Amino acid sequence: MQPQITPLALWQRKTIFWSLLLAFVVSLPIFIFYATGYRYDFFAEVPIITATGGMYISADAEDIAIYINEKEVTNVRVFRQASYIQGLMPQLQRVHVQAPSLHTWVKELLVQPHIVTETEAFNMPLISQIRPVTEFSNALGASVIFATTTSQQVFSKATTSALYVLATSSATSTLLVNSEFPKLKTAFAEKIAADLTRENFIKNINKPNFTFATTTGTSTLVEIATTTKSRDDLRLYEKVGDIYVENLASEKNTPHYFCSTEPLPEFLQSEVVQAENAIMIEDGLLENDVVDLPKKCRTEIKIDRQNKTVIDFNFFPGNSNLILLQLEDGIYVVEIDDRSWQNAQRLYAGDDLDMLVSGGRILVREKEFMFEVLTAIPVN
Amino acid sequence: MSAPAQNHLLPYARRDDFHVGRATEFTGKKRFFYRCLEMLPGLASWITLIGVVLLSIYVPFVAAYFVIAFALFWVLKTAFLSYHLRYNWKRLRHHMSLDWTKMVSRFKYNHIHHVVILPFYKEPASVIGHSLEALSKVNYDLKKIIVVLAGEERAGEHTQIVSQQMQEIYSAKFGHFLVSVHPKDIPGEMAGKGSNAAFAAEKVRTEILDPNNLSYEETLVSIFDIDTVLYPDYFNCLVWHFFTAENPLKSSFQPVPIFNNNIWEAPAISRVVAMSSTFWEMVQQERPERMATFSSHSVSFQALYEVGYWQTNMVSEDSRIFWNLLVANNGKYNVIPMSYPVSMDANAAPKLWQTIVQIYKQHRRWTYGVENLCYILYHFSQNKNIPLKQRIIVSLQQAEGYWSLVTNPIMLFILGWAPIFLGGQQFHQTVLSYNLPFVVRDLLILAMFGLVISSVISLTLIPSRPEKASRFRYFVMAIQWIMVPATMIFFSAIPGLDAQTRLMLGKYMGFWVTPKSR
């Protein structure tokens, strides 16, 4: 009698081994081609293998929808707060990033074969979201807002999810003092005083001094920044009414939007300061050669102020690609990235505002009413 | 007791270097050569791991292609091994269902005697008693079984007390019941199972086999770890394989060690590691040309006697005895897989961290079996009577085994991501950089389907649920396999690398006895 099941026969083992080896040999090039961006178009009249690129879109907003060339993208690989779209044809791609009740971000970006184009989308609330900072609050912790013209104006163009009550009487004996209010009031007063001091200083240094008779040419003093703000390796400054962002980082740490692998527009050509570093792109899986694309980087980018007067500017809290511009008709969030147009989204409308960025918050004073402007719709 | 005379040894086994344990036993060129062999596995592993890191830094594209190829290779290797595992599982279950008494009835085997050597150190009487109790209940004529309870002098009174206790209970049940106490501090010996077993084997030869005129060729020696609990038909199954083997005296017989004695008490991490070891042995059972003896196994006394028993100067004697036999028999020796189980203990200490330390140390000892690779390569260079093809194939198989044991899990689960982090900005901007984690992750998920097979098989190999254990434990036992990537790294790759590095640096390991408790 023999056991009914005999050991695995050698021929069986060999068959499995060679089958799996064949599977390895056949599928390895497919996996590598796929990973490097090659796609086979099954639906084309003449089937063709195309070298595609990708796009990596960071976006803080929740529930975003991404459209590439007006078609919603569904096969997105999602990282934390970012989406990776692959298999994009190497051409100029129009990208929409939208979400309910938020501004839509739109940009045209060049996709190149085997390369991932990085970008950061941002979506501010369509209706301004604020948190009032009032002098008093009631026993329940609700901010007490006195019915004034300003407060009515503010709530006609903004909304809040914070707890508040409208006071019909000016009596304050039963109310609690909000400790945040005097601090904020002082901060605004100090900011205005500092601004005045700076303006006076600039006026003084612009007064005619003794000059040699032979001195000619325009003064460079007016080109000195009236104010400069720095964060990390970025410098934000004003020059002749325009706002510029300057990169001070080393080549290795330069933000991606300062560089491009495509030919820069003519007006930027003069600002190209380094072109020696090259991106090596393995493009030789089919042709077996390697292509070097020149990477061109600038040191400064001009911010689009939409032909409006800049009243104030600052970095956007917690984001190195965005800045806050206070223009004559309100406060805007503008992106530095100038590959195609710079998206600008109005955060708060108004022509008599003071803006302060402190502790990662955007604080605004409209006449006597102070509040924090929120950059996302609070989740209840 | 004097050492056995040399004339019974096979010609090659008479060489002075036959039982070499480490390079320090040599002098001159041989010492240098053996030392190089000791350094080889560690160097190969370290060069591989460092090489992947350097590739990721300097040629990240090449590293990324390599990682994808390796992940794909892993998927297919998993499929290959899972097929073997599933096949052996069917065979194991079938063998367990067979009536082996009936199977061996066609043979005349009354003349066959079995020597069962049970080496022990400080294991409690309950563990030893459990093993002897199972041995006393096998479906075999117990009068044909010679039990050798092999204790250690260095364990002190414990050896005497436990041996006496066991002798009182079990000596009448077996044909013979011999207690041997291995003297401590014998010059040239390493304290461990090998030296104890070799001492016991010689004692049983001189005190039982020779006085009773029992033929060495008709005596089968089964050496069992002290926690080994036999299934009832072990000896019938062994006899069947012995009689049906092409060359029974040139064969060792390997059961499947299932570490399930205490599986309901052991923590999940211990169960996964233990069952993984069982699965590896099951896979090996279906490709015997790669097998060496491991842990509990059986062999004819004649074969053992011809090579001077187990080596007394090294750690992994259970595998080394096979390599001794292979080189002494000029390559004409093999392992016959029995596909029949023996039960052993999974690691379980009173506290979880103690269990983890125990598992690590046990696996470091097992993976220190890499010292066998040096032995194989050395004697393959010396014994030209072994066919060249066999020497090359066996060398490559064993070298690949030790190399992949250490490097594969680390490359797959850690260094697979290295190009992404070390590849630099230029690599980071490419589609390949972004796709690499997805491709590798998807391939690894595919490979994880092999774990489903493992999970199902493991549930069929566990003993009945004790009343105190809830049914929920079945669920835990099914999903515990998600820990495999971690256990592969921490209880396979890292202890393996530890062992290889120690050997490479000449920091030789001693025998560490895994504590047993129930």
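Mind scanning A:Lys107/A:Lys302; B:Lys77/B:Lys193; A:Lys14/B:Lys77 and naming the pairs with a C-alpha gap bigger than 23 Å?
On the way: A:Lys107/A:Lys302 17 Å; B:Lys77/B:Lys193 34 Å; A:Lys14/B:Lys77 14 Å.
Over 23 Å apart, Cα to Cα: B:Lys77/B:Lys193.
Summing +1 for each Lys or Arg and -1 for each Asp or Glu, what net charge is found among the other residues whose Cβ lies under 14 Å from the Cβ of B:Met477? Don't skip to the answer; put the middle values down first.
Details: positive: B:Arg271, B:Arg465, B:Arg471, B:Arg473; negative: B:Glu265.
Taking every other residue near B:Met477 into account, the sum is +3.
What Kirkwood hydrodynamic radius, in Å, does the stretch B:1-130 give when the mean of 1/r is taken over all pairs of distinct Cα atoms and then inverted? Don't jump to the answer; show the numbers that get you there.
Numbers: mean 1/r = 0.0446 Å⁻¹.
Answer for the stretch B:1-130: a Kirkwood hydrodynamic radius of 22.4 Å.
Please work out the C-alpha center-to-center distance from the stretch B:119-144 to the stretch A:6-54 and express it in whole Å.
Between the Cα centres of the stretch B:119-144 and the stretch A:6-54 lies a distance of 54 Å.
Expressed in nm², what is the orientationally averaged projection area of the convex hull enclosing the Cα positions of chain B?
Details: hull surface 100.1 nm².
Averaged projected hull area, Cα only: 25.0 nm².
Using every alpha carbon pair in the stretch B:418-517, what percent of pairs falls into each 10 Å bin from 0 up to the bin containing the largest distance?
Cα pair-distance distribution for the stretch B:418-517, in percent: 11, 22, 27, 25, 12, 3, 0.
Among the aspartates and glutamates, select those whose C-alpha is under 17 Å from the C-alpha of A:Lys157, and discard any that sit fewer than 8 residues away in the same chain.
Straight-distance partners of A:Lys157: A:Glu328, A:Asp329, A:Asp351, A:Asp352, A:Asp354, A:Glu366, A:Glu368, A:Glu372.
Could you tell me the distance between the Cα centroids of the stretch B:468-518 and the stretch A:334-360, to the nearest Å?
For the stretch B:468-518 versus the stretch A:334-360, the Cα centre distance is 57 Å.
Using +1 on the beta carbon of Lys and Arg, -1 on that of Asp and Glu, and nothing else charged, what's the dipole of chain B about the Cα centre, debye to 20? All intermediate terms of the calculation are to be shown ahead of the outcome.
Working: 47 positive and 36 negative charges, 172 e Å.
That gives chain B a dipole magnitude of about 820 debye.
Taking only Cα atoms, what is the 0 to 90° angle, nearest 10, from helix B:125-135's long axis to the longest principal axis of chain B?
70 degrees
What lysines could a cross-link reach from B:Lys507, if we take a straight Cα to Cα line under 18 Å and drop same-chain neighbours fewer than 8 places away?
B:Lys361
Nearest 10 degrees, 0 to 90: what angle lies between the long axis of helix B:352-367 and the longest principal axis of chain B (Cα atoms)?
80 degrees
With both partners inside chain B, how many of the DSSP beta bridges are antiparallel, as a percent to the nearest 5? Please report the intermediate quantities before stating the final value.
On the way: 8 of 33 bridges.
Restricted to chain B, the bridges split so that about 25 percent are antiparallel.
Kindly put B:Ile392, A:Ile243 in sequence by how many other C-beta atoms sit within 10 Å of each C-beta, fewest to most. Display every interim value, and only then the final one.
Numbers: B:Ile392 11, A:Ile243 21.
Exposure proxy ranking, most exposed first: B:Ile392, A:Ile243.
Label point 7 Å out from B:Ile392 along Cα-to-Cβ: which residues of the stretch B:323-341 have amide N under 18 Å?
Counting only backbone N, you get B:331.
Dipole of the stretch B:93-193, Cα-centred, from +1 at each Lys and Arg C-beta and -1 at each Asp and Glu C-beta, to the nearest 20 debye?
Values: 12 positive and 10 negative charges, 133 e Å.
Magnitude of the dipole: close to 640 debye.
For the protein assembly as shown, state the semi-axes of the equivalent ellipsoid (square roots of 5 times the eigenvalues of the alpha-carbon gyration tensor), sorted largest first and rounded to whole angstrom.
Numbers: eigenvalues 1176, 209, 135 Å².
Calculated on Cα positions only, the semi-axes equal 77, 32, 26 Å.
Provide, in order from the shortest bin, the percent of all Cα-Cα pairs of the stretch A:52-121 in each 10 Å bin, continuing until the bin that contains the maximum pair distance.
21, 61, 17, 1
Straight-line reach only, C-alpha to C-alpha below 18 angstrom: list the aspartates and glutamates that B:Lys108 could link to, leaving out same-chain residues fewer than 8 apart.
B:Asp99, B:Asp141, B:Glu217, B:Glu218, B:Asp233, B:Glu246
Compute the angle between helix B:28-58 and the longest alpha-carbon principal axis of chain B, please, reported from 0 to 90 degrees and rounded to the nearest 10.
Around 30 degrees separate the two axes.
Would you work out the charge dipole size for the protein assembly as shown about its Cα centre, treating the Cβ of every Lys and Arg as +1 and the Cβ of every Asp and Glu as -1, and quote it to the nearest 20 debye?
Values: 79 positive and 81 negative charges, 678 e Å.
It works out to roughly 3260 debye.
Readers should treat all values here as calculations from the given coordinates under stated rules, not as data from a laboratory. What you see is a predicted model, and the numbers here were worked out from it, not measured in a lab. Note: ideal-geometry Cβ built from the backbone for every residue, glycine included; neighbour counts use all protein chains shown.
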